Amino acid sequence: MIRRMISASSLVLLASLAGADPAQDYAENCASCHGDARLGGTGPALIPETLGRMRGPNLEAVIAHGRAATQMPAFAEDLSAERITALAEYLQTPLDMVPDWGVEQIAETLWLDPDYTPADSPVWDSDPMNITLVVETGDHHVSVLDGDTFEVLDRFETPFAVHGGPKFSPDGRYVFIMSRDGWVQKYDLWSLHQVGRVRAGLNSRNIAISKDGLHLAVANYLPMTLTLLSTADLSVEKVMPVTSKSGVASRVSAVYQAPQRDSFILALKDQPEIWEVATDPDADPVYEGFIHSQEKDMVEAIPSSEGLFARRRIEIAEPLDDFFFTDDYRHLIGASRDGARGVVVNLNVGREIAELPLPGMPHLGSGISWELDGRRVMATPHLKEGKLSIIDTDDWSVLKTIETEGPGFFLRSHEDSPYFWADVFFGPNKDVMHVIDKQSLEIVKTLRPEPGATVAHVEFTRDGRYALVSVWEDDGAVIVYDAATLEEVRRLPMKKPSGKYNVWNKITFSEGTSH
Ligand code: DHE
């Protein structure tokens, strides 16, 4: 345990002498999302270690006015300016004790379900490649859908506040699900049963599974680590402290599998570095076989002797909050949350090669790509502007900016669909879903299936015939659309459904899905 010099209780005493009781205000207004001990829950941990860029007046402004593109509400009407100032100071006070969260502590949380017995074959008759999961955030459950009949095969409880895409094993049998408070759950789709859970971090971002399906990487905010788990039994393989070359600890923005490279790629949120972590112990060097001839001399390869989980650092100009890869995983397109520009990093040569004008907080993590007039293009929504940017990934120019009815979160398409779907998540038109032609780049239809209700996130069935849309409300629904006629065919009641994930589209890295 790390002991701190300034105790939170002495700050509470000082603040209450001045008429404010930040600990009480925290308990009443913040704890339900950020955790009783400020170690995170639905919202991030609120301690100096994770507040990083949020010092001084900035933090007060967020408490007062909320935070764009997040679930953080505004408290200016409930708390006076003095109470907000005291609360901001309280949040920047180190905890009396921050628990260590290394191999030992993580291992102690491992729980394997004693009622689980693996089935020899699926206990259902559905197409195993067309199983689709719906994350229901309203009551923290996942529904397992037959992607042909839309029958709910099972509905199971998840850890609190699942975030990011669940990751399937390469054969589509198991799925791994992560919550913001660091729990990772393993579920067996054949047996329709939970296998177990482990708390890999205290406040986590997302997970990635290795190409061979043997390892799971958990990107953490708190502690500032990358946890590597064995997918077989959820045991801890390694905890990598995330520290920059200059020795400064950093949160992880996100981690993804790069299938062609047989590696994990992650970006540091507080330091200007990208890391590549090898998941093939025999690769020598990791990049041989796919690098372009002109890049050969410049490649800084991982020495084979370093083996599994060998790390390569790529130093860049600014830390990245959000990023996307080209289909061949040669390039990463990144954006810092505060900035107005995107950068292109060639992962082979390990340096920035281009810049893109991307104002309005691009949400590159939900970017998708497709072929347009013989060129590979990608599209990204913007969290602060009602715009979609279409980028040519050959010359990195912005081909077109499509105006929408408001800022959106997610894009989705399918190889066999002529359209991509873009939600409007924020503002008065949050009930809108645009359907856009991938060739003309024109909006062909604007759907408003439930006026006034937030409508978001799309997933296709395996064959691209149906598009599933979430009505993101407590008494919400998943609406099944015919992806060609754009007519509604079915409505499945769900509790605040958010992301939906089709086994086939995810394990084949369909070009219409995010990673
Ligand atoms: Fe997400 C994916 C980051 C807020 C729902 N979100 C992701 C991923 C990242 C990310 C890096 C990709 C991880 C993956 O799939 O492996 N999200 C962020 C943020 O930085 C942001 C803006 C602020 C934050 O609170 O962390 C943010 N996200 C939200 C929400 O407020 C959403 C709408 C509701 C929620 O659950 O908190 C939300 N994010 C999602 C969903 C995905 C996601 C449903 C998976 C999309 C997919 O199709 O794969």
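Across all directions, the shadow cast by the convex hull of the chain built on its C-alpha atoms averages 24.0 square nanometres.
Write down Rg/Rh for region 184-258, rounded to two decimals, with Rg from the C-alpha atoms and Rh from the Kirkwood relation over Cα pairs. Mind showing how you got there, number by number?
Values: Rg = 13.1 Å, Rh = 12.9 Å.
Rounded to two decimals, Rg over Rh is 1.02.
I need the semi-axes of the equivalent ellipsoid of region 358-515: take the C-alpha gyration tensor, multiply each eigenvalue by 5, square-root it, list largest first in whole angstrom.
Semi-axis lengths for region 358-515 are 23, 18, 13 Å.
Only one residue of T42, I84, M72 has its Cα farthest out toward the positive end of the dipole of region 39-148, where Lys and Arg carry +1 and Asp and Glu -1 on Cβ, and that residue is I84. Check the straight Cα-Cα distances from K496 and name the aspartates and glutamates below 15 Å, setting aside those fewer than 8 residues away within the same chain. Qualifying aspartates and glutamates at Cα under 15 Å: E136, D139, E157, D431, E450, E473, D474, D475. Rounded to the nearest Hz, the phi-derived 3J(HN,Hα) couplings of region 470-479 under the Karplus curve 6.51 cos²θ - 1.76 cosθ + 1.60 (θ = phi - 60°) are 8, 9, 7, 10, 3, 9, x, 6, 9, 9, where x marks glycine and proline. Simple point charges give the picture: +1 on the Cβ of Lys and Arg, -1 on the Cβ of Asp and Glu, and for the chain a dipole about the Cα centre of about 980 debye.
Which order do the peptides 130-142, 154-166 take when ranked by the mean count of other beta-carbon atoms within 10 Å per residue, highest first? Can you show the working numbers first?
On the way: 130-142: 21.1, 154-166: 18.2.
Per-residue Cβ counts within 10 Å, averaged per peptide and sorted highest first, yield 130-142, 154-166.
Normalised by residue number, the volume inside the convex hull of the Cα atoms of region 437-515 is 105 Å³ per residue.
By the rule of a C-alpha distance below 25 Å, with chain neighbours fewer than 8 residues away ignored, the lysines paired with K238 are K167, K186, K211, K269.
How do 180-188, 113-121 rank on mean C-beta neighbours within 10 Å, highest first?
Details: 180-188: 24.1, 113-121: 10.3.
Result, highest mean first: 180-188, 113-121.
The dipole here belongs to region 370-445: it is taken about the Cα centre, uses +1 on the Cβ of Lys and Arg and -1 on the Cβ of Asp and Glu, and is about 240 debye.
For the peptides 461-468, 390-397, the ranking by packing is 461-468, 390-397, with the highest mean count of neighbouring Cβ atoms within 10 Å listed first. Full extension of the chain segment joining D233 with F509 gains 96.9 nm, where the gain is 0.36 nm per residue of separation less the Cα-Cα distance. For the chain, adding -39500 (n - 2.57) for each run of n ≥ 4 DSSP H residues and dividing by the number of residues yields -3000 deg cm²/dmol at 222 nm. Note on A107 and R67: the model spin-label points, each 7 Å out from Cα along the C-beta direction, lie 3.4 nm apart. Considering only P118, G350, T404, the residue lying farthest towards the positive end of the dipole of the chain is G350, judged by Cα position with unit charges set on Cβ.
Throughout, read-outs are computed from the coordinates displayed, never taken from laboratory work. These numbers were taken from a predicted model, which means no experiment stands behind them. Virtual Cβ from ideal backbone geometry, glycine too; neighbours counted across all protein chains shown.
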